[in-house]
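What follows is a set of notes on a single structure, which appears directly below.
The values are calculated or read from the model by the stated rules, or taken from the named source; none is laboratory data. Treat the numbers as computed from the prediction; the structure is a model and nothing was measured. Note that each Cβ is placed from the backbone with ideal geometry, even for glycine, and that neighbours are counted across all protein chains shown.
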Amino acid sequence: MLLDSVSKSIKVVLGAIAAANNCPVTAFYVDHTDAGGTPGSSDTATNGVTAVTVVASPAADTQRQVKMITVYNADTAPVTVYTQFVNGGTTRIVNKSTLAVGDSLVYQNEIGFRILAPTGIFLSDVSDRAARLLGVISGAVTTDALKPGDLSIEALTKYLNVNSRWTDIAGTTYGYKQSDGLPRIEAKPYYTNIGEGKITGHTPWMKIGYNGALVAATEADVWSKTGAYAFPVTASTMRVVSSSAGDEDTGVIIKTGTSTGGTTASLIDTTGGVNFNGVVAVEVGDCILLDKANEGGRTPEWGYVTAVTSNTELAVAGGFSSGGTGSGRTYNIVDKVLAATPRTGAQCWKVDYLDANYNTYTELGVFDGNATVATVGTMWRINSFRVIATGTGNKPVGNLTLDNAGGIVYSYITLGFTRARNAMYTVPLGKTLMVTSWTAGYAYAQNSTHYCRIYTRANVEPNTGFNTGSLFYPFTEIVMSNNSLTREFEIPTRLPAKTDIKVSALADFAGIVTSALRGWLE
């Protein structure tokens, strides 16, 4: 930079008031006149957001050539430094640099502005110098390629150890993990990170299906009830019932109330109307249902009693199902085994469903054997039906059915199992389903060769994603004979909100079919 007028000077100013310390500034220059050159220097310190003169205007008939300027960040936080060229009443910014603590802004004649790290390395040319060094290390070039001032191996290691960092698209920086002073880089598959809960807004998803009575030459859907599956045409309350002949698959509620306190591992009720050690005492293993029908707009949860701490407090060491607390919740406690009348089979159920607007809800309930139990929620799509508490045996004694008042079945749990194996699902409002893999199988009891076509279907146009209502398109198809196959999708199948999906099968011989779809919701 050259100052060739008495009206020209160089100033520096910070972008904000220093957190603790202003920055020392030095300048070196040469004054040129007819008599020759005279070196000079100056030093000062920044003054927050007030500009300070670093190189003053030269005298008349003098040209002042700036050789070097340094600004050292002695503050306790990063600073932004503006270097200004002043010409009379006009001020122009010639450089803006952000300095980490300990960094220096260095201007050198014929080189320009660079940032000098505490390691003694100029950050602006690290990549070029490191590339030359790494070329020598790899044998790609000879040591003749190195230039004066290039990094040694030690200097490169020191730089990586202190300054190497990732920067994401939001500008957030992340440091490298180190191993013996060298960067340790670990990369996991995207799906693995989703499974570990490390990708925000992404939830692992799986849907299994089973048809144990596929009829020859008849298309059927893959679900435990067998036959064709029809999605509901209107939203309505549903009914839950068991096929057990006696009082199996029955839950007995022994305590109810609204808790006055609790934590993620306890429930307290001090209202005085409940004694957990009173008549029909609460016991270890009993199931606690919290806000089972979305009371107060709260998420239904359940947990299992691990200790009766007192007449007013229960311990739930395993926590509640969604990580919530036991405080301020309506609760129902279901006895695992009644001393007078031991129960077997399923006791409590959970249904995940969508309402008519495709919003997601969960409802919990208690089985009443072969008597129907009506749901509270009005259900449009059933995405999950599971047993969450049992008596002796730890599984249902009868087949468990979820149907509407007209007797149309929408979910089904086969006796001896604890979840519906129905390969039907509807994508909730505001979500997109990405299907990444599919495992399908077909088996039959015959020595001859037979085949089965198994195919995934959805009510969206494959190219545009347009919802087609009751019209379903096949998306993936497998043909097999007495075996199973897993198909990984190179490009995940993308299904938008409100899409109905199901898996269907058609075989030339009676048999059984299984299906397992996996992916994620985002």
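Just one of (1) in contact with a Gly (Cβ under 6 Å, 6 or more places away or on another chain); (2) more than 30 Å from Val241 (Cα to Cα); (3) not aromatic (Phe, Trp, Tyr) fails for Ala423. It is (2).
Of the residues Val106, Val141, the single one that is at pLDDT 90 or above, surrounded by 12 or more Cβ atoms within 10 Å (Cβ to Cβ), of a type in the set (A, V, I, L, M, F, W, C) and not in a helix (DSSP H, G or I) is Val106. Note on the range 279-306: residues that are more than 16 Å from Val337 (Cα to Cα) and part of a loop (DSSP other than H, G, I, E, B) amount to 7.
Only a single item in (1) touching a residue at least 12 places away in the same chain (Cβ under 8 Å); (2) at positive phi is not met by Phe367, and it is number (2).
Among residues belonging to the range 335-368 that are surrounded by 20 or more Cβ atoms within 10 Å (Cβ to Cβ) and modelled with pLDDT under 95, point out the one that is farthest from the chain's Cα centre (by Cα). Across the range 335-368, the extreme among qualifying residues is Arg343.
Which count do you get for residues in the range 220-230 that are touching a residue at least 60 places away in the same chain (Cβ under 8 Å) and either surrounded by 15 or more Cβ atoms within 10 Å (Cβ to Cβ) or among the hydroxyl-bearing types (Ser, Thr, Tyr) (or both)?
Let us first name the residues in the range 220-230 that are touching a residue at least 60 places away in the same chain (Cβ under 8 Å), namely 220-225, 229-230.
Pick out the ones that are also either surrounded by 15 or more Cβ atoms within 10 Å (Cβ to Cβ) or among the hydroxyl-bearing types (Ser, Thr, Tyr) (or both) and you get 220-225, 229.
Qualifying residue count, the range 220-230: 7.
Put simply, of Val435, Val479 the only residue that is touching a Phe, Trp or Tyr at 6+ places or on another chain (Cβ under 8 Å) and crowded, with 20+ Cβ neighbours inside 10 Å is Val435. The condition (being more than 26 Å from the chain's Cα centre (by Cα), closer than 28 Å to Ser236 by Cβ and in contact (Cβ under 8 Å) with a residue 60 or more places away in the chain) is satisfied by just one residue among Val409, Val387: Val409. Taking the range 452-473 as the range and being under 30 Å from the mean Cα position of the chain (by Cα), without any contact (Cβ under 8 Å) to a residue 40 or more places away in the chain and in a strand (DSSP E or B) as the test, the residues that pass are Val460, Asn467.
Can you tell me which residue is nearest to Asp249 (Cα to Cα) among those in the range 360-382 that are in a strand (DSSP E or B) and polar (S, T, N, Q)? Steps first, please.
Here is the first cut: in the range 360-382, the ones in a strand (DSSP E or B) are 360-366, 368, 373-374, 379, 381-382.
From what is left, the residues that are polar (S, T, N, Q) are 360, 362.
Details: Thr360: 27, Thr362: 21 Å.
Per the stated criteria, the residue is Thr362.
Checked against (1) closer than 18 Å to Trp205 by Cα; (2) charged (D, E, K, R); (3) in contact (Cβ under 8 Å) with a residue 24 or more places away in the chain, Glu477 meets all criteria but (1). When Ser266 is tested against (1) within 30 Å of Met424 (Cβ to Cβ); (2) buried (at least 21 other Cβ atoms within 10 Å of the Cβ); (3) not acidic (Asp, Glu), exactly one condition is not met: (1).
Is it true that Arg518 is crowded, with 18+ Cβ neighbours inside 10 Å, under 20 Å from the mean Cα position of the chain (by Cα) and among the basic types (Lys, Arg)? Against the criterion (crowded, with 18+ Cβ neighbours inside 10 Å, under 20 Å from the mean Cα position of the chain (by Cα) and among the basic types (Lys, Arg)), Arg518 qualifies. When Gly272, Gly181, Gly195, Gly261 are checked against the criterion of being touching a Leu at 6+ places or on another chain (Cβ under 9 Å), surrounded by fewer than 21 Cβ atoms within 10 Å (Cβ to Cβ) and at pLDDT below 95, a single residue qualifies: Gly181.
The sole residue among Lys198, Lys225 that is assigned to a loop (DSSP other than H, G, I, E, B) and in contact with a helix residue (DSSP H, G or I) (Cβ under 9 Å, 6 or more places away or on another chain) is Lys198.
Among the listed residues Gly326, Gly318, which satisfies the condition of being touching a Leu at 6+ places or on another chain (Cβ under 6 Å) and either in the same structural domain as Lys431 (by TED's automatic domain parsing) or not β-branched (Val, Ile, Thr) (or both)? Let's see the steps before the verdict.
Numbers: Gly318 fails: touching a Leu at 6+ places or on another chain (Cβ under 6 Å).
Matching residue, one of Gly326, Gly318: Gly326.
Looking at Leu314, is it touching a residue at least 24 places away in the same chain (Cβ under 8 Å) and under 19 Å from Thr237 (Cα atoms)? No; evaluated as a whole, the condition is false for this residue.
Out of Thr70, Thr44, Thr91, Thr98, which single residue is in a strand (DSSP E or B), at pLDDT below 95, surrounded by 13 or more Cβ atoms within 10 Å (Cβ to Cβ) and not acidic (Asp, Glu)?
Numbers: Thr70 fails: at pLDDT below 95; Thr44 fails: at pLDDT below 95; Thr91 fails: at pLDDT below 95.
Selected residue: Thr98, the only one of Thr70, Thr44, Thr91, Thr98 that is in a strand (DSSP E or B), at pLDDT below 95, surrounded by 13 or more Cβ atoms within 10 Å (Cβ to Cβ) and not acidic (Asp, Glu).
Here Gly262 clears all of (1) part of a strand (DSSP E or B); (2) without any contact (Cβ under 8 Å) to a residue 60 or more places away in the chain; (3) over 21 Å from Lys350 (Cα atoms) except the condition numbered (2).
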